[in-house]
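Following: one structure in structure tokens, then a few remarks.
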Amino acid sequence: MSVAVEVESFIVTEILPGRGIDSVAPDDDLLEVVDSLGIVELIAFLEEKYRIKVGDDDLDPANFGSIDSIVAFVASKGG
């Protein structure tokens, strides 16, 4: 399974359940639908799943604004 599919699945099933959102496009603005707690959950998922470390300098909306940007971020970390 690709990083994009895994990230989308996590967001839809773990962060957005009950909101009537059953898919997220790769370029959708996640910061419009995912709150700060959701971002923390997403970061924990990424660190565990891809064995990467998300540091303070990485906490930039450009890294987490869309599934596409998350995929690029994970790739840049070697995940």
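Values as computed for the structure displayed
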{"item": "Residues that are within 12 Å of VAL7 (Cβ to Cβ) and either open to solvent by less than 50 Å² (accessible area, probe 1.4 Å) or more than 12 Å from the chain's Cα centre (by Cα) (or both), drawn from the range 39-53", "result": "LEU42, ILE43, PHE45, LEU46, TYR50"}
{"item": "Residue pairs meeting the criteria (Cβ under 7 Å; at least 6 apart or on separate chains; first among the β-branched types (Val, Ile, Thr), in the range 43-63; second part of a helix (DSSP H, G or I) and open to solvent by 40 Å² or more (accessible area, probe 1.4 Å))", "result": "VAL54/GLU47"}
{"item": "Looking only at the range 12-33, and only at residues there that are in contact (Cβ under 8 Å) with a residue 12 or more places away in the chain and not hydrophobic (A, V, I, L, M, F, W, C), the one that is farthest from ALA62 (Cα to Cα)", "result": "ARG19"}
{"item": "Candidate set: the range 1-11, residues that are modelled with pLDDT of 95 or more and among the aliphatic types (A, V, I, L, M); chosen: the one farthest from LEU59 (Cα to Cα)", "result": "VAL5"}
{"item": "Looking only at the range 60-72, and only at residues there that are part of a helix (DSSP H, G or I) and touching an Asp or Glu at 6+ places or on another chain (Cβ under 7 Å), the one that is surrounded by the most Cβ atoms within 10 Å (Cβ to Cβ)", "result": "ILE67"}
{"item": "Top-ranked residue of the range 16-59 - restricted to ones that are assigned to a helix (DSSP H, G or I), farther than 16 Å from SER69 by Cβ and hydrophobic (A, V, I, L, M, F, W, C), ranked as modelled with the highest pLDDT", "result": "ALA44"}
{"item": "Answer from SER76, SER9, SER36, SER66 - the residue that is polar (S, T, N, Q) and in contact (Cβ under 8 Å) with a residue 12 or more places away in the chain", "result": "SER66"}
{"item": "Residue list for the range 40-75, filter: of a type in the set (A, V, I, L, M, F, W, C) and under 13 Å from GLU8 (Cα atoms)", "result": "LEU42, PHE45, LEU46, PHE64, ILE67, ILE70, VAL71"}
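The values are calculated or read from the model by the stated rules, or taken from the named source; none is laboratory data. Note that the structure is predicted; figures quoted are calculated from it, not measured. Glycine also receives a Cβ, built like all others from the backbone with ideal geometry; neighbour counts cover every protein chain displayed. All accessible areas refer to the heavy atoms of the entire protein, side chains included, with ligands and DNA or RNA removed. Shrake-Rupley method; radii C 1.70, N 1.55, O 1.52, S 1.80 Å.
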